[in-house]
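Engineer: Questions regarding the structure given below will be posed in turn.
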Amino acid sequence: MCGRFAYPGDDLVAPLFEVEVVSASVAPSNDVRPTQQVAMIVEDAAEAERENRAPVRQLRAARWGLIPSWTKQLDSRFLLINARAETVLDKPSFRTAASRRRAIVPASGYYEWMKNDDGTKTPFFLHDPADSVIGFAGIYEWWKVPDDVEVRGAADGWLCSVSIITRAATDTLGHIHDRMPVVVPPTSADTWLDPTLTDRDEVDAVLNSLPDPVLIPTKRTPR
C-alpha cells in the first residue's frame with residue numbers, strides 16, 4: 001500500500017511530465033498524509049468540454065482519499081487512499097473514475113514500515129536510485145459538497161479527490177510490504193492520461209502493461 005509519501009515540488013514535476021498548465025500549486029513536503037491536498041497530473045475531458053476547448057495536461061490539487069460521487073456525506077468509510085489494480089475497474093467506488101478520470105500523482109518516493117520478528121517496525125523510504133521524480137497511477141473523482149458542509153479544498157461547491165492504485169510488490173520490495181504503488185513512467189503518461197481511452201478492457205490492458213519500477217529502500221522516517 002501507499003500511506004505516506006514525499007512530494008518534490010511543482011518545478012521538478014511539471015517539465016518531466018510535460019505539464020502545460022499549473023492550475024494549483026502544492027508545496028514540497030517530505031510527509032504527505034491522507035486527506036491532505038496533493039498534486040496530480042490530469043487531462044480532464046469533461047472540464048474541457050464545459051469550457052469548449054481541447055483537454056490540456058494540468059498539474060492541479062486534490063484531496064488524497066477518493067470520495068465516490070454518489071455518497072451523500074463525508075465520513076471515515078471513504079478514506080479510499082488506495083485502489084487495488086486487480087479490482088479497480090470492477091468496484092463501484094472506483095470503476096467509473098478508472099475508465100474516465102485517470103491521474104498521475106507525482107512523488108519523490110513513499111514510505112513503508114517493515115515488520116520485524118520482535119514486533120518492532122523499521123521505516124523505509126522507497127525511491128528511484130537516481131532520486132528522480134516518480135509518478136503513481138491514480139484515479140480521481142468529483143464530489144458535490146452539500147450546502148451545509150465545509151470541506152477543506154473544495155471550490156465552487158465541488159471537491160476533487162484522488163486515490164493511488166497499488167499492486168502486489170515485486171520480490172525485491174516484497175519483504176518490506178506486500179503491496180506497492182503502480183508507477184507510470186513518463187514515456188507512458190500519454191497513454192495513461194488519454195481521456196479518449198474509456199473502454200475498461202483497454203484500460204486494464206494498459207494498467208497491466210505498466211512495468212514494475214526499479215526502486216531502492218533507504219531507512220528513513222517521514223520528517
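Engineer: Taking 0.36 nm per intervening residue step and subtracting the Cα-Cα distance, what contour gain separates ASP156 from THR196 on full extension?
Structural biologist: The ASP156-THR196 span can extend by a further 11.7 nm.
Engineer: Still on this structure, please answer the following. Give me P(r) over the stretch 126-223, computed from all C-alpha to C-alpha distances, binned every 10 Å, as integer percentages.
Structural biologist: Pairs per bin, as whole percents: 12, 35, 29, 20, 4.
Engineer: Within the accessible area of the chain, what % is carbon and sulfur when the probe is 1.4 Å and the other protein chains stay in place? Please list the in-between numbers first.
Structural biologist: Numbers: 5340 of 10960 Å².
That share works out to 49 percent.
Engineer: Which length gain, in nm to one decimal place, applies between ALA27 and LEU79 when the Cα-Cα distance is subtracted from 0.36 nm times their residue separation?
Structural biologist: 16.5 nm
Engineer: Which length gain, in nm to one decimal place, applies between ILE216 and THR172 when the Cα-Cα distance is subtracted from 0.36 nm times their residue separation?
Structural biologist: 15.0 nm
Engineer: Could you pull the Cα extents of the stretch 4-70 along its three principal axes, largest to smallest, in whole Å?
Structural biologist: Computed over the Cα atoms, the extents are 38, 35, 14 Å.
Engineer: Report the net charge of residues surrounding VAL88, where surrounding means a beta-carbon distance below 11 angstrom and charges are Lys +1, Arg +1, Asp -1, Glu -1.
Structural biologist: Value of the local net charge: +3.
Engineer: Using amide H atoms built 1.01 Å from N in the peptide plane, name the residues 5+ places from ARG101, or on other chains, whose amide H lies under 5 Å from its own.
Structural biologist: Here TYR140 satisfy the definition.
Engineer: Okay, next question. Kirkwood Rh and Cα-based Rg: tell me the resulting Rg over Rh for the stretch 24-148, rounded to two decimals.
Structural biologist: In the stretch 24-148, Rg relative to Rh is 1.01.
Engineer: Follow-up. Find the accessible area per residue for the stretch 99-186; the probe is 1.4 Å, ligands and nucleic acids are left out, and the unit is Å².
Structural biologist: Result: 44 Å² of accessible area for each residue.
Engineer: Taking a quarter of the surface of the convex hull around the Cα atoms of the chain, what do you get in nm²?
Structural biologist: 12.6 nm²
Engineer: Would you rank ASP212, ASP31 by solvent-accessible area, highest first, keeping every protein chain in place and using a 1.4 Å probe?
Structural biologist: ASP212, ASP31
Engineer: Does anything in the stretch 169-193 have its amide N under 18 Å from the 7 Å Cα→Cβ label point of SER209, and if so which residues?
Structural biologist: 182-193
Engineer: Sum -39500 (n - 2.57) across every DSSP H segment of at least 4 residues in the chain, then divide by the residue count to get the 222 nm mean residue ellipticity, nearest 500.
Structural biologist: Details: 6 runs with 38 residues, N = 223.
Mean residue ellipticity at 222 nm (helix-derived): -4000 deg cm²/dmol.
Engineer: Rounded to the nearest 20 Debye, what is the dipole magnitude of the stretch 29-185 about its Cα centre when Lys and Arg each give +1 and Asp and Glu each give -1 at the C-beta?
Structural biologist: Working: 20 positive and 21 negative charges, 71 e Å.
In debye, rounded to 20, the stretch 29-185 gives about 340.
Engineer: Compare the Cα positions of TYR110, SER132, VAL145 along the charge dipole of the stretch 77-158 (+1 at Cβ of Lys, Arg; -1 at Cβ of Asp, Glu; about the Cα centre) and return the one farthest towards the positive end.
Structural biologist: Value: VAL145.
The values are calculated or read from the model by the stated rules, or taken from the named source; none is laboratory data. Computed from a predicted structure; not experimentally measured. Positions of Cβ are backbone-derived with ideal geometry, glycine not excepted, and every protein chain shown enters the neighbour counts. All accessible areas refer to the heavy atoms of the entire protein, side chains included, with ligands and DNA or RNA removed. Shrake-Rupley method; radii C 1.70, N 1.55, O 1.52, S 1.80 Å.
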